[in-house]
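K.L.:
Structure incoming, see below.
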Amino acid sequence: MTRQPWLACLSVAAVLATTSACGGAEAVAQGGRITVTVGTANAGAVLASVTKIVEDFNASQSEITVKLQQYPDAATLLQKTLVQLSGGAPPTLSPCQPSWSAAYAKVNGLTDPSTMLGAPEALSKKDLDDFHPALLKSTKVGGKQVSLPFDRNISFLYYNKQLLQQAGLSTPPATWEQFALYAEQLTKGDTYAADFFNSPYMVAVWDAMVHAYGGKVLNDEQTRVAFNSQAGRDALQFWVDLAKKKVVRVASEPSAGQLNFGAGKTAFFINDSSSMSFNAQAVGGKFEMAAAPMPAGPAGAFSELGGANICLFNKAPKNVQAAGFRFISYLLSTSNNGDFVKASNYLPNRASTVEALKDYYAQNPIPATAVGQLQHAVDPPTVQGWSQAAAAILVHLMNAVRGDETVESALAKAEKEVNDILQQ
């Protein structure tokens with residue numbers, strides 16, 4: 001394959017050169033190594049896994065040193081990176097949620113990683129084809145490749161096997177209609193079928209249900225709301241009806257879903273794959289936690305993706321960008337992706353990773369359920385400002401489920417507020 005001339009800068013000699021043939025001033029750390037900085041808001045096992053990959057990469061070669069820049073949370077990472085982009089000094093690369101890519105692209109801050117495919121020790125076009133198509137959808141903005149899949153997760157149904165068995169139910173619900181029937185059989189005393197809890201995650205659940213009822217959250221151009229439709233109303237009315245029947249608990253605490261499920265006070269908990277270890281910790285062996293696909297609606301089964309891709313910023317000199325892409329290639333290799341998946345419970349990015357982990361998935365049915373959901377995957381809106389829009393939607397979803405607003409009023413108000421946000 002013919003490479004762009006500057007791609008040769010990934011070679012050891014060119015990376016360590018002192019000329020500016022690759023564009024911009026050279027950035028070399030002490031000891032002659034190029035420094036690549038990686039912004040991260042990860043914690044716990046995920047941070048430990050990424051840290052090990054960084055340490056192994058640094059020990060594997062003598063040209064590049066990767067350093068993690070830790071941020072306290074995702075919101076801070078986004079805010080500070082936007083500020084740093086305007087000042088010209090962001091990290092070399094960073095995880096970026098799909099809607100963040102739109103914000104970074106708006107200020108022309110991203111490198112197109114596809115221009116670097118095939119450089120020495122870097123991902124190739126064949127590697128790009130190995131990524132799951134559902135995960136690649138959110139890596140483009142305006143048709144331009146701006147990121148690559150990294151730590152993505154997906155929603156599915158966790159359930160308390162013991163509570164289902166006690167209610168005489170041998171299998172989890174396959175449809176939302178069946179979920180509602182099960183809910184009445186599972187609610188006894190202070191034990192409910194599920195929680196509708198005050199968390200942005202419930203917006204993701206409702207988003208997936210809008211698709212399952214045959215609708216869309218935004219129009220195809222992502223410029224206007226499409227959820228104030230029959231599908232959107234049906235998806236919200238579903239939870240309103242369950243709340244009226246007192247078979248789901250309406251909880252103000254964002255963590256109520258996990259806490260009540262872990263305590264055995266709810267039979268179902270819809271959450272993502274990356275929460276697996278936290279859910280297991282909350283359960284603490286009190287019952288057998290199992291998993292099932294998201295229930296299907298009239299239009300089929302849909303499950304919303306979460307998590308982040310990885311972005312490479314274009315503010316650093318070309319040799320630093322090239323070194324950053326070399327680390328991305330190492331991070332996303334089949335072997336390292338497999339180790340990361342097992343440590344973090346995020347989705348495998350590549351078909352080759354799934355194949356390499358087939359024995360692991362055969363022995364671990366909950367992670368296997370997550371992988372199976374990729375065939376039903378939909379992305380949340382990738383437009384800039386979606387986090388703000390989702391927060392506005394949550395207020396009205398909660399109001400409707402509490403009975404403080406009608407379904408029609410809740411969605412009409414949410415529509416106006418979200419359209420205003422999209423016009424900003």
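K.L.:
Pick out the one residue from ALA316, ALA322 that is assigned to a loop (DSSP other than H, G, I, E, B) and closer than 23 Å to THR65 by Cα.
P.N.:
ALA316 is the lone residue from the list that is assigned to a loop (DSSP other than H, G, I, E, B) and closer than 23 Å to THR65 by Cα.
K.L.:
I need the full set of residues from the stretch 224-233 which are in contact with a Gly (Cβ under 8 Å, 6 or more places away or on another chain) and surrounded by 16 or more Cβ atoms within 10 Å (Cβ to Cβ), in order please.
P.N.:
Keep residues of the stretch 224-233 that are in contact with a Gly (Cβ under 8 Å, 6 or more places away or on another chain), which gives 226-227, 229-232.
ALA226, PHE227, SER229, ALA231, GLY232 - these are the residues of the stretch 224-233 that are in contact with a Gly (Cβ under 8 Å, 6 or more places away or on another chain) and surrounded by 16 or more Cβ atoms within 10 Å (Cβ to Cβ).
K.L.:
From the residues in the stretch 263-280 that are assigned to a strand (DSSP E or B) and either in contact with a Lys or Arg (Cβ under 8 Å, 6 or more places away or on another chain) or not polar (S, T, N, Q) (or both), which one is surrounded by the most Cβ atoms within 10 Å (Cβ to Cβ)?
P.N.:
Going through the qualifying residues, I end up with THR266.
K.L.:
Of the residues ASN349, ASN399, ASN337, only one is assigned by TED's automatic domain parsing to the domain that holds LYS125, touching a helix residue (DSSP H, G or I) at 6+ places or on another chain (Cβ under 8 Å) and without any contact (Cβ under 8 Å) to a residue 24 or more places away in the chain; which?
P.N.:
ASN337
K.L.:
Quick check on the stretch 191-212. Is at least one of its residues without any contact (Cβ under 8 Å) to a residue 40 or more places away in the chain, hydrophobic (A, V, I, L, M, F, W, C) and surrounded by fewer than 17 Cβ atoms within 10 Å (Cβ to Cβ)?
P.N.:
no
K.L.:
Report those helices (runs of 4 or more DSSP H) wholly inside the stretch 1-88 carrying at least 3 residues which are in the same structural domain as ASP112 (by TED's automatic domain parsing), modelled with pLDDT under 95 and within 23 Å of the chain's Cα centre (by Cα).
P.N.:
Here the list reads 44-60, 74-87.
K.L.:
So, LEU259, is that one aliphatic (A, V, I, L, M), over 17 Å from LEU394 (Cα atoms) and under 23 Å from the mean Cα position of the chain (by Cα) or not? Working first, answer last.
P.N.:
On the way: aliphatic (A, V, I, L, M): yes; over 17 Å from LEU394 (Cα atoms): yes; under 23 Å from the mean Cα position of the chain (by Cα): yes.
In short, yes.
K.L.:
Another one. I'd like the full set of residues that are closer than 18 Å to ALA183 by Cα and in a loop (DSSP other than H, G, I, E, B), limited to the stretch 244-262.
P.N.:
Passing the criteria: LYS245, LYS246, VAL247.
K.L.:
Right, here's the next one. Between residues in the stretch 102-115 that are assigned by TED's automatic domain parsing to the domain that holds VAL146 and within 18 Å of ALA308 (Cα to Cα) and residues that are of a type outside the set (A, V, I, L, M, F, W, C) and assigned to a helix (DSSP H, G or I), which pairs lie under 6 Å by C-beta distance while being six or more apart or on different chains?
P.N.:
LEU110/TYR104; THR111/GLN321
K.L.:
Which of the numbered conditions does PHE156 fail, given that it passes all the others? Conditions: (1) closer than 30 Å to ALA410 by Cα; (2) in contact with a Pro (Cβ under 7 Å, 6 or more places away or on another chain); (3) in a helix (DSSP H, G or I); (4) not polar (S, T, N, Q).
P.N.:
It fails just one condition, (3).
K.L.:
Is it the case, given these coordinates, that TYR182 is in contact (Cβ under 8 Å) with a residue 40 or more places away in the chain, farther than 30 Å from VAL383 by Cα and part of a strand (DSSP E or B)? Break it down stepwise before answering.
P.N.:
Working: in contact (Cβ under 8 Å) with a residue 40 or more places away in the chain: yes; farther than 30 Å from VAL383 by Cα: yes; part of a strand (DSSP E or B): no.
Judged against the criteria, TYR182 is not a match.
K.L.:
What's the number of the condition GLN222 fails, among (1) closer than 21 Å to ASN419 by Cα; (2) free of Cβ contacts under 8 Å to residues at least 40 places away in the same chain?
P.N.:
Answer for GLN222: the failing condition is (2).
K.L.:
Additional query: Checking the condition without any contact (Cβ under 8 Å) to a residue 24 or more places away in the chain and either of a type in the set (Ser, Thr, Tyr) or touching a Lys or Arg at 6+ places or on another chain (Cβ under 9 Å) (or both), which residue from SER86, SER99 passes?
P.N.:
Exactly one residue qualifies, and that residue is SER86.
K.L.:
Within the stretch 288-297, does at least one residue satisfy the condition of being farther than 16 Å from LYS161 by Cα, of a type in the set (Gly, Ala, Ser), outside any loop (DSSP other than H, G, I, E, B) and in contact (Cβ under 8 Å) with a residue 24 or more places away in the chain?
P.N.:
Looking through the stretch 288-297, at least one residue is farther than 16 Å from LYS161 by Cα, of a type in the set (Gly, Ala, Ser), outside any loop (DSSP other than H, G, I, E, B) and in contact (Cβ under 8 Å) with a residue 24 or more places away in the chain.
K.L.:
Moving to a separate point now. Tell me which residues, restricted to the stretch 103-150, are over 18 Å from the mean Cα position of the chain (by Cα), buried (at least 20 other Cβ atoms within 10 Å of the Cβ) and closer than 20 Å to VAL383 by Cβ.
P.N.:
If the condition is that a residue be over 18 Å from the mean Cα position of the chain (by Cα), buried (at least 20 other Cβ atoms within 10 Å of the Cβ) and closer than 20 Å to VAL383 by Cβ, then GLY109, LEU110 are the ones that fit.
K.L.:
Test ALA75 against the criterion of being farther than 22 Å from TYR201 by Cα, surrounded by fewer than 19 Cβ atoms within 10 Å (Cβ to Cβ) and out of contact with any Lys or Arg (no Cβ under 6 Å at 6 or more places or on another chain), and give yes or no. Walk me through it before giving the result.
P.N.:
Details: farther than 22 Å from TYR201 by Cα: no; surrounded by fewer than 19 Cβ atoms within 10 Å (Cβ to Cβ): yes; out of contact with any Lys or Arg (no Cβ under 6 Å at 6 or more places or on another chain): yes.
When the stated conditions are applied, ALA75 does not pass them.
The values are calculated or read from the model by the stated rules, or taken from the named source; none is laboratory data. Note that the structure is predicted; figures quoted are calculated from it, not measured. When we count neighbours, we look across all protein chains shown, and the Cβ atoms used for this are built from the backbone with ideal geometry, even at glycine.
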